[in-house]
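Trainee: Below: one structure in structure tokens.
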Amino acid sequence: MSEQITIHLTVNGEDVSQNAPARETLADFLRTRLQLTGTHMGCEMGVCGACLVLVDGRVVHSCLMFAAQASGSVVETIEGLSERAAIADIQEAFHQRNALQCGFCTPGMLMTAQALLSQPGVPSRDEIRDALSGNYCRCTGYEAIVDAIESVARARAATANGRQVEEVAG
Amino acid sequence: MKARAFSYARPNTIAEALDLFAAADEDATYIAGGQSLVPTLALRLQAPQTLIDIAHISELRGIALDGGWLRIGALTRHCETLADPLIAQHAPLFHDAAPYVAHPAIRNKGTLGGSIALADPASEFPAMALAMGAELEIVGRDGARRVPADDYFIDLFQTAIEPGELLTAIHVPIVRPTHRWAFDELARRRGDYAIVGCGILADMQSTRIEDIRIVFFGVGNTPVRATTAEQCLIGKQLDQAVVHVTQAALADDLAPPDDEHTPAAMRVHLARVLLGRLLGRIAGAT
Amino acid sequence: MSDALTSLDRPNSYIGRSVPRPNAKRLLAGRGRYITDLVLPRMLHVAFMRSPYAHARIVSIDNSTAKAMPGVRLIATGADLAKVCKPWVGTLDHFKGMKSTPQLPLPLDKAVWAGQAVVAVVADSRALAEDAAEAVVVEYEELPAVIDIDAARTPETTVISPELGDNVCFHGKIDTGNIDELFAGAAHVVEEEFHFGRHTAVTMEPRAIVADFDPNEMRLTAHHATQTPYQFQDIYSRHFGIPEANVRVIAPDIGGSFGMKLHVYHEDMAAVALSIVLGRPVKYVADRIESFVSDIHARDHRVRARMALDTEGTIIGMDVDDVTAVGPFSAYPRTSVVEGNQVFRLIGTPYRFQNYRADLQVVFQNKVQMSQYRAVGHPIAFAVTERMVDMAAAATGMDPVEMRRRNLIPDDAYPCAAPTGYKFEALSHHACLTRLCEIMDYDRLRAEQAELRKRGIYRGIGIASFVEISNPGPAFYGVGGARISSQDGAVITITPSGDVRCAISVTELGQGTETIVGQIVGEHLGVDRERIKVITGDTETTPHGGAVWACRGAGIGGETALRAARKLKENVISLAGSILQEQPDKLDMHGGWIVDSDTGRQRVELAEIARIAYFRSDTLPPGTQAQLTVAHHYAPQGYPFAFTNGIQASHVEVDVETGFVKILKHWVVEDCGRVINPLLVDEQMRGGVVQGLGAAFFEECLYSDTGQLINGSLADYLVPMAVEMPDIEIAHVETPTADTELGAKGCGEAGTAASPAAALNAVNDALAPFDASIAQLPMTPARILKALGRI
């Protein structure tokens, strides 16, 4: 029990072991100690959604969690998802649809999009907006983001259907 | 917005957690999901010497039937409350309220026990615990006890939990086939704290109300049971006239805070509207 | 669609085409580089001890405990920083009689709003700085605070700055004459008192600066999240006494700005001063709580307005009184008067009437400074105008569309001038109105509305015409004495490999500046846009210019790029002519090739021209000096402003029992002149509309009687979120300005300019069956219920 503790994490597939003050949030830990600056901080109180990361496979606010609480967990950030091409189709749809302007909310938007699109079925526009209810964007007015996510949902569903058809045919 | 320095401890058992609290001379705070606590630490509204992380205590997990009760472990996350079939079937007001609790990422981390232990009067789950007549299992160094929700909420952020004690589980009496229920709230934006919210659990004999629990949140220092309104309904058929009388009776049940931007009169008005709509749904479901 | 070739089918014809932003890919991968991400060697962090009082004398400051705390490197007060920073005063000469007090990074003796930074604490980390800031003990003597908009002018009120005599910052009047007689003789008069709350920008990335002063070379490098780096280069130079050439301002990726990040803030000036005192980099990032009490706020108006009509329903005049409260002093360097000035000059401007009287009072109060934010003054001006037009329609029994057809300035009446002095080159109000009615299917919506009312469902349709000020010339700030440039500069180079680099003074905030500059340069130079690198946001590597505000990026920056590209193309073709022994007028450039202008036959690649120019100049004819870099500056010289115009419509459903409003749909038809990239223009519209809908329904900085901001967090201040916002349909009418070759007028603020007006009209339309009306923004459930008499 100490104000300074050792934190062990797997971050984007790499083992990390670092000393940090117990009071340091996971967001600060990722940004300052690991230079994973793709995780952004817009409010530091879990409202804006810019700091979303995956902890043990679930999307959570890295500003609403101390790094100490995450010790022993598997963490994935926007950098990790990008580098292993897990969200390449979402990123491409966002790019084509211009579903971002300043880009500050974007990593959090992509985390939410990925979580939503990992569930079966094609979400309606209302369901997409509902999923985005905790992600603040000041630039776009949201519609382009909804469009981009909707297009990926349809494309993924079409691919999945295609695969099923192939399996049946094969 | 950085928290003051603190020490961090991660017990694996309830007993260990209680000992850690005692050892910290009571200048300690338990943290479970932390979704409400971390902002208060960041804002330095709270600054304990020690943070005791109870999220890894396996005794605090699990959802299981226990006779006529459903026992829900305190560490059950909101996303689990939303998805769990036992909760949907036996403690349906938790299930119905869950989508209104904040946003998906908060629901991935926040816990039912944490929410009810904090007892934010604007929160959904404490109010639904009261609406369903739940009992709260509280453990201290002197042992465990079960406190009925009617006795649990004392004042603003004040509950029957004594310093150092842990809320370990929520016991909900399972709904019966004669039960009808309804939940709704009026929030400015999806996921915001509601201006007014309400959960109703009614025991119906055909179209007659045998018993009913009506609980509002966002209208006072604790979740509020509208007992005067309930009395207007017991033994009655749910017709327009009865609903109007019940809505009027809310004036005796609710004394919401008054401020320029959210006048008390508005909360009472909205509570009446909400009550009317929810009773309409219950009537429609019979 | 016909298969005929259009101008877009030519090689490199990028203007008018929707192309995505090359620089967005980096942001999508989490590779944006914002100031908040920046770490420099030996960098320190600053936190501030802030005044808990809205108005208080500083009696004493005790740093003794804080100084001894871990990691603390410096604690500075107002007096300490006054030694290195000259004060600033936010006045402009062309606002006759305006006044304001000198400002310093930290106050010497008085705090004038709750949240004002009083003491700076510099430490090794932000957390340690906050620990020590908590331990600074300041003794205050609380003074009476001026909070209410009317209280500022009552005789018995405290004067915030006694040296100014009273709390009036500026008083303006416009009067075309005989207004009282006109109203006395009018067939119909409608009137209303409007209230517009304060709101604020809430950029996703808060304000951030890393100031890095090197005493050895007397050089200041400010990594600053701003939309106007050149303005800050000038300010840092003058106020800190550093030669301008030694001041470098770098604005990399910026997490939103919307006008908020072009004002001088005390904390930012303090960070620079602290870096000068310490000789080390100092980082300041406002946390969200600090943002709410220190970023500029916007709007805050109380407007009384009257409109006179003749028996035919023709508007014959308006009479307006606007009071706006701007905080304890006027913002620098643009002042806090521009907002009110634009309100009282824009009111009524889409319409034909020429009789106008307006009074503007800009008053001081003990709240954070108020100044320019997206669509400065426009949302107020058009909410007032358009609500009056709807009230006039009701008074005369006319449909709102018909009312506008009758009164909007005819599309063939240009050029013309508004009674407030604005000159219009060419606008398209009627074309926009017609197009709007088509895309929203106005008649069907009206029929549906009537049908639903019978079933107790109350929907409303609101329409709002607008004009928008863009492309301001030097008359905007320069003539008032502000060192804010109305010109822009570009330097374009052909690299030795035949690629193109364009360094330009308009800046990138995610709106797409770099993309459209690339499109314009590509088209006018004749090079594929993939080979063009656009460089922005660094005073050391780009020429001085106004950068981006008032929608000037496309209109002025774009024209600068166009003319620079043309000039460079002349140089390239002249050189190619020498090399090919061909008359330059027989040559052209497309796709990075020199081609025969008649046939398009490829003659020589640009890369080959560049190779010869850079490495084999010995093979050029004697006397030929290749000029593959050109610099060009452009300032608007025609109309003082290029006005854009358009119209918006909002469709809402009001739950009359709860006062909650569902925004069903929103439409915009706008005319921003030449559309360079429809994808980007549409997204500017949508983002702008949503900011306006935020103001219409959600956003308001609420103060207590003692001047405490009571909802200053992102949990309590309600920004518009995805669930509550509608889909927004956009259509365009294009009336290019003849003042430039490009013809673009700008599009960044049009959405915000009139969406509150459309929403206000829509809600009132829904409330009409109850004889209820609302004239206050935001339209909260409480206010709607009050309007309905339900509470």
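The values are calculated or read from the model by the stated rules, or taken from the named source; none is laboratory data. The model shown is predicted, which means the values in this text are computed figures rather than measured ones. We place every Cβ from the backbone using ideal geometry, glycine too, and count neighbours over all the protein chains shown.
Trainee: Can you name the number of the only condition in (1) out of contact with any strand residue (DSSP E or B) (no Cβ under 9 Å at 6 or more places or on another chain); (2) of a type outside the set (Val, Ile, Thr); (3) within 7 Å of another protein chain (Cβ to nearest Cβ) that A:Ala113 fails?
Mentor: Among (1) out of contact with any strand residue (DSSP E or B) (no Cβ under 9 Å at 6 or more places or on another chain); (2) of a type outside the set (Val, Ile, Thr); (3) within 7 Å of another protein chain (Cβ to nearest Cβ), A:Ala113 violates only (3).
Trainee: Can you pull out the residues in region A:79-107 that are more than 7 Å from chain C (Cβ to nearest Cβ) and within 14 Å of C:Leu680 (Cβ to Cβ)? Working first, answer last.
Mentor: Narrowing region A:79-107 to residues more than 7 Å from chain C (Cβ to nearest Cβ): A:80-81, A:83-90, A:92-93, A:97, A:99.
Scanning region A:79-107 gives A:Arg97, A:Ala99.
Trainee: Only residues in region C:676-702 that are more than 10 Å from chain A (Cβ to nearest Cβ) count as the first member; pair them with residues that are among the acidic types (Asp, Glu), Cβ under 8 angstrom, at least 6 apart or cross-chain, and list the lot.
Mentor: C:Phe697/C:Glu724; C:Phe698/C:Glu724
Trainee: Out of (1) in contact with a Phe, Trp or Tyr (Cβ under 8 Å, 6 or more places away or on another chain); (2) part of a strand (DSSP E or B); (3) over 30 Å from C:Asp359 (Cβ atoms), what's the single condition that is false for C:Leu452?
Mentor: (2)
Trainee: Scanning for something small (Gly, Ala, Ser), in contact (Cβ under 8 Å) with a residue 24 or more places away in the chain, away from chain A (no Cβ under 14 Å) and part of a strand (DSSP E or B), does region C:510-531 turn up at least one residue? Break it down into steps so the answer makes sense when it comes.
Mentor: Of all residues in region C:510-531, those small (Gly, Ala, Ser) come to C:510, C:512, C:518, C:522, C:526.
Filter once more, so that each one left must be in contact (Cβ under 8 Å) with a residue 24 or more places away in the chain: C:510, C:512, C:518, C:522, C:526.
Pick out the ones that are also away from chain A (no Cβ under 14 Å) and you get C:518, C:522, C:526.
Remaining after also requiring part of a strand (DSSP E or B): none.
For region C:510-531, residues small (Gly, Ala, Ser), in contact (Cβ under 8 Å) with a residue 24 or more places away in the chain, away from chain A (no Cβ under 14 Å) and part of a strand (DSSP E or B): absent.
Trainee: OK, next. What helices (runs of 4 or more DSSP H) completely inside region B:1-109 contain at least 3 residues that are surrounded by 22 or more Cβ atoms within 10 Å (Cβ to Cβ), away from chain A (no Cβ under 14 Å) and modelled with pLDDT of 95 or more? Full working, then the answer.
Mentor: Details: elements: B:14-23, B:37-42, B:78-83, B:85-90, B:92-97, B:104-107.
Counting at least 3 such residues, we get B:92-97.
The rows are residues; the columns are (1) among the small types (Gly, Ala, Ser); (2) out of contact with any Gly (no Cβ under 7 Å at 6 or more places or on another chain); (3) over 30 Å from C:Pro162 (Cα atoms); (4) surrounded by 15 or more Cβ atoms within 10 Å (Cβ to Cβ).
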residue: C:Tyr14; (1), (2), (3), (4): no, no, yes, yes
residue: C:Asn23; (1), (2), (3), (4): no, yes, yes, yes
residue: C:Pro41; (1), (2), (3), (4): no, yes, yes, no
residue: C:Ala47; (1), (2), (3), (4): yes, yes, yes, yes
residue: C:Ala54; (1), (2), (3), (4): yes, no, no, yes
residue: C:Ala66; (1), (2), (3), (4): yes, yes, yes, yes
residue: C:Met69; (1), (2), (3), (4): no, yes, yes, yes
residue: C:Ala76; (1), (2), (3), (4): yes, yes, no, yes
residue: C:Ala79; (1), (2), (3), (4): yes, yes, no, no
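Trainee: So how many residues does region C:192-222 have that are within 14 Å of chain A (Cβ to nearest Cβ) and closer than 18 Å to C:Val39 by Cα? Quick ask: steps written out before the conclusion?
Mentor: Going through region C:192-222, the residues within 14 Å of chain A (Cβ to nearest Cβ) turn out to be C:199-208, C:210.
Adding the requirement that they be closer than 18 Å to C:Val39 by Cα leaves C:205-208, C:210.
Total satisfying the criteria: 5.
Trainee: Next question. For A:Arg31, are the conditions met, namely being more than 21 Å from A:Ser133 (Cα to Cα), within 11 Å of chain C (Cβ to nearest Cβ), touching a Phe, Trp or Tyr at 6+ places or on another chain (Cβ under 7 Å) and at pLDDT 95 or above?
Mentor: On the way: more than 21 Å from A:Ser133 (Cα to Cα): yes; within 11 Å of chain C (Cβ to nearest Cβ): yes; touching a Phe, Trp or Tyr at 6+ places or on another chain (Cβ under 7 Å): no; at pLDDT 95 or above: yes.
Answer is no for this residue.
Trainee: May I pose another question? Can you go through C:Ala145, C:Ala152 and tell me which one is outside any helix (DSSP H, G or I), of a type outside the set (Phe, Trp, Tyr) and surrounded by 18 or more Cβ atoms within 10 Å (Cβ to Cβ)?
Mentor: Numbers: C:Ala152 fails: outside any helix (DSSP H, G or I).
The conditions single out C:Ala145.
Trainee: Residue by residue through region C:733-744, note down the ones that are touching a Pro at 6+ places or on another chain (Cβ under 9 Å) and surrounded by fewer than 21 Cβ atoms within 10 Å (Cβ to Cβ). It would help to see each step written out before you state the result.
Mentor: First pass over region C:733-744, keeping only residues touching a Pro at 6+ places or on another chain (Cβ under 9 Å): C:739-740, C:742-744.
Correct list: C:Asp739 only.
Trainee: Test C:Cys672 against the criterion of being touching a Lys or Arg at 6+ places or on another chain (Cβ under 8 Å), buried (at least 24 other Cβ atoms within 10 Å of the Cβ), more than 10 Å from every other protein chain (Cβ to nearest Cβ) and not polar (S, T, N, Q), and give yes or no.
Mentor: yes
Trainee: Right, here's the next one. Tell me, which residue of region C:376-428 that is in contact (Cβ under 8 Å) with a residue 24 or more places away in the chain and of a type in the set (Phe, Trp, Tyr) is surrounded by the most Cβ atoms within 10 Å (Cβ to Cβ)?
Mentor: Residue satisfying both the conditions and the ranking: C:Phe382.
Trainee: Looking only at residues that are in contact with a Phe, Trp or Tyr (Cβ under 7 Å, 6 or more places away or on another chain) and in a helix (DSSP H, G or I) in region B:110-125, which one is surrounded by the fewest Cβ atoms within 10 Å (Cβ to Cβ)?
Mentor: Per the criteria, the residue is B:Leu118.
Trainee: Shifting gears a bit: If you go through region C:619-668, how many residues are touching a Ser or Thr at 6+ places or on another chain (Cβ under 9 Å), away from chain B (no Cβ under 14 Å) and not in a loop (DSSP other than H, G, I, E, B)?
Mentor: Residues of region C:619-668 touching a Ser or Thr at 6+ places or on another chain (Cβ under 9 Å): C:620-621, C:624-630, C:632-636, C:638-639, C:641-648, C:650, C:659, C:663-668.
Next, only the ones that are away from chain B (no Cβ under 14 Å) stay: C:620-621, C:624-630, C:632-636, C:638-639, C:641-648, C:650, C:664-668.
In the following step, the residues that additionally are not in a loop (DSSP other than H, G, I, E, B) were identified as C:629-630, C:632-634, C:642-648, C:650, C:664-668.
Matching residues across region C:619-668 total 18.
Trainee: Then there's this: Which of the residues spanning region B:141-164 are part of a loop (DSSP other than H, G, I, E, B) and touching a residue at least 60 places away in the same chain (Cβ under 8 Å)?
Mentor: Here is the first cut: in region B:141-164, the residues part of a loop (DSSP other than H, G, I, E, B) are B:141-142, B:156-157, B:160-164.
Within region B:141-164, B:Arg141, B:Leu156, B:Pro163, B:Gly164 qualify.
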